[in-house]
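Notes follow the structure.
The values are calculated or read from the model by the stated rules, or taken from the named source; none is laboratory data. Predicted model only: the values in this text are computed from it and were never measured. Glycine also receives a Cβ, built like all others from the backbone with ideal geometry; neighbour counts cover every protein chain displayed.
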Amino acid sequence: MFDRYYHYPASARSASSYDDPAAGDTFADVMATLSPSAWWRLGESSGASAVDEMATQNGVYDGTITYSVAGITTDGDTAIGLDGAGSVEIADNAAWDFGTSDFTCMIGLDLGAWRSADRSQLICRGDGAGIGFYWRLDTTTNRVAIRVGYEEVFSTGIPTLAGTGWHLLGLRCDRSGNAYLNIDGVDEAAVDISGAAAESIERSDALYLGKRVSSGFDDDFLYDATIDEAAVWNGTLLTEADFATLYGAL
């Protein structure tokens, strides 16, 4: 079981802990240097395709989507609104066959546009019953939970998301060490996941933004909020400094 939680309080940090991007670098510039396996900006104004900036696998908008919502970045790129009846489905691809490798995920979330009930999915692959992966927001507590393999972690002992605006959330998983929850450029919590180092979380399922397929039901734990800038890195463990630079470029 994963039972060792570490919380890094905000009072222990200062503004100097954030890494400034190079002069003139935008969020997109920084992302390009970090080479994600896939990156969906979610800035479409219409249509069915969520374009992958890395040309790995475009997603498909499903259900009710609100386009062209003001996004997390200041470069004019927009976000999408999900109303509890929409999601993004991205077909199976080796880019998110994490297996036993380290991996990193990222998503922007606007708490001010958040209206969901409990256990809303951010990024999910798997049906929740077998070995898989999901990253969700427990919306009754503003807390994040993840599942790696058969074990759920970060279900307790983590900070509450504050405020009513945008947050940049990062999940850094060192399969032989800790999983780190990064909020706005700072690692806010960590938990030992080395006990699942040998569990392959390779699946043949689609990757979803905003929902989970569970126990044969097509639409489960649908999300009701505004999301932006979703990305995955397979085999790459981004650093806290990487997320600090991304956050500084927003």
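For the range 182-218, what are the residues that are charged (D, E, K, R), farther than 27 Å from Gln57 by Cβ and at pLDDT below 85? Give the derivation first.
Narrowing the range 182-218 to residues charged (D, E, K, R): 184, 187-188, 192, 199, 202-203, 205, 211-212, 218.
Now narrow it down to the ones that are farther than 27 Å from Gln57 by Cβ: 184, 187-188, 192.
Of everything in the range 182-218, those that are charged (D, E, K, R), farther than 27 Å from Gln57 by Cβ and at pLDDT below 85 turn out to be Glu188, Asp192.
Does the range 165-179 hold any residues that are closer than 14 Å to Asp102 by Cβ and not in a strand (DSSP E or B), and which are they?
Quick first cut of the range 165-179, residues closer than 14 Å to Asp102 by Cβ only: 170-179.
Asp174, Arg175, Ser176, Gly177, listed by residue number.
Let's see how each residue does on (1) surrounded by fewer than 22 Cβ atoms within 10 Å (Cβ to Cβ); (2) of a type in the set (S, T, N, Q); (3) without any contact (Cβ under 8 Å) to a residue 60 or more places away in the chain:
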position: Met54; (1), (2), (3): yes, no, yes
position: Asp62; (1), (2), (3): yes, no, yes
position: Gly71; (1), (2), (3): no, no, no
position: Asp75; (1), (2), (3): yes, no, yes
position: Asp83; (1), (2), (3): yes, no, no
position: Gly86; (1), (2), (3): yes, no, no
position: Ile90; (1), (2), (3): no, no, no
position: Asp97; (1), (2), (3): yes, no, no
position: Leu109; (1), (2), (3): no, no, no
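For the range 180-212, give me each residue that is outside any loop (DSSP other than H, G, I, E, B) and either more than 16 Å from Thr104 (Cβ to Cβ) or without any contact (Cβ under 8 Å) to a residue 40 or more places away in the chain (or both).
Going residue by residue through the range 180-212, those that are outside any loop (DSSP other than H, G, I, E, B) are 180-183, 186-192, 194-196, 207-209, 212.
Within the range 180-212, Leu181, Ile183, Asp192, Ser194, Gly195, Ala196, Tyr208, Arg212 meet the criteria.
Loosely packed, with under 14 Cβ neighbours inside 10 Å and modelled with pLDDT under 95, is that true of Ala22? First the steps, then the outcome.
Numbers: loosely packed, with under 14 Cβ neighbours inside 10 Å: yes; modelled with pLDDT under 95: yes.
The answer is yes for Ala22.
Which of the residues spanning the range 35-64 are part of a strand (DSSP E or B), over 18 Å from the mean Cα position of the chain (by Cα) and at pLDDT 95 or above?
If we filter the range 35-64 for residues that are part of a strand (DSSP E or B), which is where we start, we get 38-40, 49-50, 52, 59-64.
Adding the requirement that they be over 18 Å from the mean Cα position of the chain (by Cα) leaves 49, 62-64.
Selection gives Ser49 alone.
Where in the range 70-153 are the strands (runs of 3 or more DSSP E), entirely inside, with at least 3 residues that are at pLDDT 85 or above?
Values: elements: 78-90, 103-110, 120-125, 132-138, 143-149, 151-153.
Because the criterion is at least 3 residues that are at pLDDT 85 or above, the strands (runs of 3 or more DSSP E) in the range 70-153 that meet it are 78-90, 103-110.
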